[in-house]
Amino acid sequence: MQNQYYPFINEPLAYPYDFLEPYIDEETMRLHHDKHLQAYIDHLNRLLQEHPGFQKFSLEQLIQSASRFPKQISRPIKNNAGGVYNHRFFFSVMTLPSQGMPSGILLQAVENKFGSFEGFRKLFQKAALDVFGSGYAWLVTERGRLNITTTPNQDCPLQRGQKPILAVDVWEHAYYLKNQNRRTEYLKNWFQVIDWEQVQQYYQDSLCCE
Ligand SMILES: [Fe+2]
């Protein structure tokens, strides 16, 4: 578990930058982690340094509470805390080799909700393709039930009381170097590196606190 309180640090990825080759390229992973995520961490630390009253909030609490913060810091905290959480989460659900598909109670839940794993895959891919501009597609639980949802920019399902169990970053910086504007190609590759064991763990964790 990466650090959840100010000052936030950018801990190394759990795998080498080239680990997801040939599906996700090394240069993209390097820039994504070392530059994009780093920038959100730096901005968030700066904001909290200037507003020490909020330093006691955990990363999740910052995201869940930002809409109630004073107007001038509400949006910047929401954007940057979201940028940290979303990227850490996205990086945590990838590995190679992937298990290919979920198993056990998660597979059962996917089949109950979407008919089949293939049915889920198509709906999830469509949701990710339909994100207009920058954002994420998510598999979440909501009162214990699976749902596919999307968020714009660095908004996060935690703001809506949903619990993320899988995420794909569809900002262009996540794929432009390798796939240029071909988001479909990127998504096809990304499906090859999903860490279903980790997703299953997130699923079980989300149910235990319902
Ligand atoms: Fe990103």
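Residues that are closer than 23 Å to residue 189 by Cα, open to solvent by 50 Å² or more (accessible area, probe 1.4 Å) and among the basic types (Lys, Arg) are absent from region 48-56.
For region 45-65, filtering for residues that are part of a helix (DSSP H, G or I) and touching a Pro at 6+ places or on another chain (Cβ under 9 Å) leaves 4.
Among the residues making up region 1-15, a single one is more than 19 Å from the chain's Cα centre (by Cα) and crowded, with 18+ Cβ neighbours inside 10 Å: 6. Here is a list: 34, 18. Which entry is charged (D, E, K, R), open to solvent by 40 Å² or more (accessible area, probe 1.4 Å) and within 16 Å of the ligand (Cβ to nearest atom)? After ruling out the rest, the residue left standing is 34.
Counting the residues of region 151-182 that are buried (at least 19 other Cβ atoms within 10 Å of the Cβ) and more than 12 Å from the ligand (Cβ to nearest atom) gives 10. Looking across 63, 41, 77, 105, one residue alone is in contact with a Cys (Cβ under 6 Å, 6 or more places away or on another chain) and either in the same structural domain as residue 135 (by TED's automatic domain parsing) or touching a residue at least 12 places away in the same chain (Cβ under 8 Å) (or both). It is 63.
Scan region 183-195 for residues that are part of a helix (DSSP H, G or I) and either open to solvent by 10 Å² or more (accessible area, probe 1.4 Å) or within 14 Å of the ligand (Cβ to nearest atom) (or both) and the total you get is 9.
The values are calculated or read from the model by the stated rules, or taken from the named source; none is laboratory data. Nothing here was measured: the structure is a model prediction, and the numbers come from that model. Counting neighbours? That spans all protein chains shown, and the Cβs are built from the backbone with ideal geometry, glycine included. Quick note on the areas: whole protein, heavy atoms, side chains included, nothing else; ligands and nucleic acids left out. Shrake-Rupley method; radii C 1.70, N 1.55, O 1.52, S 1.80 Å.
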